[in-house]
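What follows is a single structure, written as structure tokens, with notes after it.
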Amino acid sequence: MTLFDFLAGAISLGFLVAALFFMGFWRKTQDELFLTFALSFALLGIGQAVQVLANIPQEERSYIYLIRLAAFTVILLGIFRKNRASGGSADL
């Protein structure tokens with residue numbers, strides 16, 4: 001086990017803890033945006049864990065970035081849905 005593996009595991013754990021916090025916020029408020037953030041952080045944690053646990057060579061890791069792309073897409077869609085639900089009539 002290298003330092004990279006240890007730090008990647010810590011980062012993965014951090015993502016999963018953040019997902020649990022957002023799940024808790026969602027359970028209290030039932031706000032869909034918190035659920036999308038929880039899902040996104042869970043995807044980021046899973047992607048980080050797969051990168052280390054699969055022991056894939058550096059040049060063959062490009063498909064793992066699709067998990068990150070999915071996580072950021074979920075965040076963008078959640079923000080878009082939240083703004084559409086509120087009517088988008090913010091005063092400047």
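What follows draws every value from the coordinates through simple rules; no lab data is involved. These numbers were taken from a predicted model, which means no experiment stands behind them. Cβ coordinates were reconstructed from backbone atoms using ideal geometry, including for glycine residues, and neighbour counts include every protein chain displayed.
One table, with the values for the structure above:
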{"item": "Computed [θ] at 222 nm, deg cm²/dmol, the chain (DSSP H ≥ 4; -39,500 (n - 2.57); rounded to nearest 500)", "result": "-26500 deg cm²/dmol"}
{"item": "DSSP-assigned coil residues among trypsin sites (Lys or Arg not before Pro) in the range 7-92, each with at most 15 further Cβ atoms within 10 Å", "result": "61"}
{"item": "Dipole in debye (nearest 20) - the chain, about Cα centre, beta carbon charges: Lys, Arg +1; Asp, Glu -1", "result": "300"}
{"item": "Residue (of 46, 58, 36) at the positive-pole extreme of the range 3-84, dipole from beta-carbon charges", "result": "36"}
{"item": "Alpha carbon convex hull of the range 11-92, projected area averaged over orientations, nm²", "result": "6.7"}
